[in-house]
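Read through the structure below, which is laid out as structure tokens, and then see the notes.
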Amino acid sequence: MKNYIFLAFAILFESIGTSFLKASEGFTKPIQTIIFIISMISSFYMLTLAIRTIPIGIAYAIWSAVGIVLISIVGYFYYKQSLDFPAIIGILLIVLGVVIINVFSTSAAH
């Protein structure tokens, strides 16, 4: 269970980092760039802790799907970016794929 907590923090730090990647404006803003770098290092460190017991493919699938959703939400509310219907359907299919893996796959039951 604690490895899923590490994975949750990895996702959170990665989402923060990606948000600040946009805010860094091509690494021209030092504070945003530093936050990006620290967040991404923290994210990958947490991911290394998570994959001690969670299969890497499963961890990465969860990390990617939840990260996509979080970044899409940040993009919508903070950067005023919207997604069209096909993009929303695509994201939902990615999330559905991760749910199927976690509910039905024996690979996820490490």
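Read-outs: derived from the displayed coordinates by stated rules, not from any lab. Here the structure is a predicted model, which means the values were calculated and not measured. All Cβ positions, glycine included, derive from the backbone under ideal geometry; neighbour counts span all protein chains shown.
Here are the numbers for this structure:
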quantity: Chymotrypsin sites (Phe, Trp or Tyr not before Pro) within segment 51-107, DSSP loop, no more than 14 other Cβ atoms inside 10 Å; calculated: TYR78, TYR79
quantity: Stokes-Einstein D in µm²/s, Kirkwood radius over Cα pairs - the chain at 37 °C with 0.692 mPa s viscosity; calculated: 222
quantity: Difference of contour (0.36 nm per residue) and Cα-Cα distance, ALA87 to ALA8; calculated: 26.0 nm
quantity: Cβ-based net charge around TRP63, under 15 Å, with every Lys or Arg adding one and every Asp or Glu removing one; calculated: 0
quantity: R0 of 30 Å, Cβ-Cβ distance TYR78-THR106: FRET efficiency to nearest 0.05; calculated: 0.15
